[in-house]
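What follows draws every value from the coordinates through simple rules; no lab data is involved. Keep in mind it's a predicted model, so treat the numbers as computed, not measured. Positions of Cβ are generated from backbone atoms using ideal geometry, with glycine treated the same way; all protein chains shown enter the neighbour counts.
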Amino acid sequence: MLLGTLVLGGLLAAPTALAAPVVRAAPAKAVPAVAPAKAVPAVKAAVARVGASPAKRSGGCPTTVGFSAVVTAKGRGTVRYRWVRSDGGAGAVKSLRVNGARKAVVRDRQTYDRTTSGWQAVEILGKKSLSAKARFRVTCAGPAKVWDVANPLPARPGEPLTVAAALDARPPVHSGACPATVTFTATIQVSRTPARVGYQWIDSVTGESLPESMHFAAGGPRSRQVSLPLGVGNSTSGWKAVHILSPNGHDSARAAYAVTCRTTPQSPSPSATPTPTPTPTPTGPPAGKPEPRIVGVTPGDYEGDCTEPLAYQAAGRVTLPAGPARQVTYWWILDGTAWQRQVLDFPAGDRPRSQDVSATWSLGPGAGGDHTIGLMVEGGPAGPAEHRFTVACAAEPERADLTVRYLLTPLFRGDCDGSFSAGTSALVTTDRETEIRYRFVVDGKPGPTRSERLRPGVIQSIGDFWYSSARTSGTGIVRLEVLNHNKPVKEGAYSWTCVPPDPSPGAVRINELTPVAYYGDCVTAPYVTAHGGFAAAPGTQITYRWVIDGEPQTSRTLTVEGSGVVQVQSAYWSRNSKTSGTVGLEVLNHNRPVAQAAYPVTCQS
C-alpha cells in the first residue's frame, strides 16, 4: 500500500458486530495477522494442496464455499491446527493424532450472503507461518434470496429436484441467566416428492458438521423442519447456516445469535474436582429407551495460553428406537454440574430416530487440568455419555512495555444504505518480543479478544472493521484496549455522514469518501490514509486519482465488476506539519465526479 493504491472489489462479508481484525501495512514489515499459539507439536507437519471450491462463483446468494488442505505429519503426538481467514478471523483449534506417518484432508466451510472476496489458510500451532492461501470470490446477483414459509419454493412435479433451506435462531439475542438455549430451526423445502435431501450445518467457528439426510414421502408435504438446540454456558456470539448437499440446492442465510450472561453460569470453577458420575454399561440402553452420544468436542485437549477464556463446543446426538411420537428430556453436565433441562420432540417412526444437540461454554483463566462434558437423557442409560479433555496452560510471559503510538478512526461520508463498513487501526510498539491480547470497543460494545505477536524495533499496525446499519448521520467512540502486560488504552471519536444519492449522477457516482482521524503522540509525522468507493454499471472503466493536501497523485484505472460497486484505498501518507489536512477523490473520465473531506490530526501526550 506504500507504493500504490489498494483496490477492494465488491463488499466484505458482514459480521453481526465487530468483524475479525484487519492488519494493514505499516512503515516496517509486520508478522502474520494471526499470531501462532505457544504450543509446539511433538511431530513435524506440513500443509499442501490448499484450495477453495468453488474458487469463483457468481449468481444467487446465500452460497457456501468449501476449503480443504492436506496435512502430512511424521512422529508421535498431536498436530493442532486451525483455519485462518483473510479478515483476521480464525476457526476453532482442531487436532490430529499421529503415530508414525499420517496424511489427512482437513476441511472448513463458510456461508456468504453478500459479495465477498478473500482467502483461507491453515495454521499449524507452533509454526511461525501459514500455509499457502486458498483464494475465493463470491459475486452475488442481487440481494440474498430466502425461501421460507412466507416465500415458498414453487412446486415443479416431474422436473429435476430443487431444494431450498431457511434458518432462524430463537432467541437471536439473550441477556440474562446462563446456561441458556438457542434453538436453530431449519425449514427445508423441495420442489417435488418423493425426495431425499442431504444437508450440513455450518458454524461460524467450527465449520461444517457431518452430513445429514431428510426424506420426503411421495404425496406428502414439500416442507419439513429440523431443529438444533445449542446450550450456551457463557457470553458469546456467532452464526449458523444450512448447506444443501443435493444438486440444485439453495443454502440458507446466516442465522446470527448473541448471548450475554448476566448471572454466574451454572458450572463449577474450572479448577474444581469433577463430581464422579456413573458410567453406562457397554451393552447400551434397554430396548425402547433413548440413547445419548457425544459426537465430538472442539478444541478437545488444549495446550497454550489460559489467561483469556477458552471457547469450547460439543456436538451430541440423542437416538430413540422406532415407536410412537415421544418427548425426550436431556441435559448437559460440565465437570459434574448439570445444566438446565431441555426437551426434544420425536415424531412417530417405524425406524430409529435421531436428533442432534450442541453446547458451547468457556473455561476461565486458570483452567488447567482435566475436564469432563457429559450428555444425559431421562429414561435412558443410568449415566451420561461422556467426553474427557485436558487443558495444559503455558506459563505467563514476562511483562513487556507496550506503547500505542496512534489510533486512526473512520469519518465515513456517503451512502447510508443499512450496511456500510467502517474500520479502525492502531500502531503498537514493544520493548521485547511478546504476544499481546487486545480488543476494540465500539460505542461501549467490546469486540472479540484477538492476539498478535510483536517484536522490538518493528512497527506494527493492528485493526478491526465492522458494518453499520445506520441510515441517519451520527457519531461514536472507538477504544483500543490491550488486555495484558502494561495494558495501554487509546480512544477517539468516529463519525458517519449520510449523503443522499444524486438522482441523476451520470455514468459514475462516488458513493463513499472516508478519511481517518488521527489520535497520537505526533513524535513522528502522523501517518494516515483514506478510503473511497464508486458505483457504476458492471464493465465500466473508471480512471481516478487521489488529491492529498491539494497535490494530485498518480491516476489509476479500474473496471467495475458484477456487483456494480468497487472500493479503493489510497496509499498511506505522512502529515509533516502535524496539523489537519484535506483529501479528495476525483474521477477523470465519464461525468467526472469529485469529493473532498478534511482529516483531523489530534496530537496527544
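For this structure, a couple of remarks:
- For the stretch 501-573, the relative contact order comes to 32 percent (Cα pairs under 8 Å, sequence separation of at least 6).
- Entries of Lys127/Lys240; Lys94/Lys289; Lys94/Lys127; Lys56/Lys103; Lys44/Lys133; Lys94/Lys240 with Cα pairs more than 25 Å apart: Lys127/Lys240; Lys94/Lys289; Lys56/Lys103
- Stokes-Einstein diffusion coefficient of the stretch 378-448, Kirkwood radius over Cα pairs, 37 °C, 0.692 mPa s, in µm²/s: 183
- Tensor-based shape of the stretch 291-393 (alpha-carbon gyration tensor, a/c under 1.5 rounded, otherwise prolate or oblate): prolate
- Fewest neighbouring Cβ atoms within 10 Å first, the residues Arg170, Arg317, Arg413 line up as Arg170, Arg317, Arg413.
- Cα-based Kirkwood hydrodynamic radius, the chain, one decimal, Å: 26.4
- Relative contact order of the chain, pairs being alpha-carbon contacts under 8 Å that are 6 or more residues apart, as %: 13
- Over the stretch 63-157, Cα pairs under 8 Å with separation of 6+ residues give a relative contact order of 29 percent.
- Using every pair of distinct Cα positions in the stretch 163-261, the Kirkwood expression returns a hydrodynamic radius of 14.1 angstrom.
- Long-range amide H partners of Tyr302 with built H, under 5 Å: Thr390, Val391, Ala392
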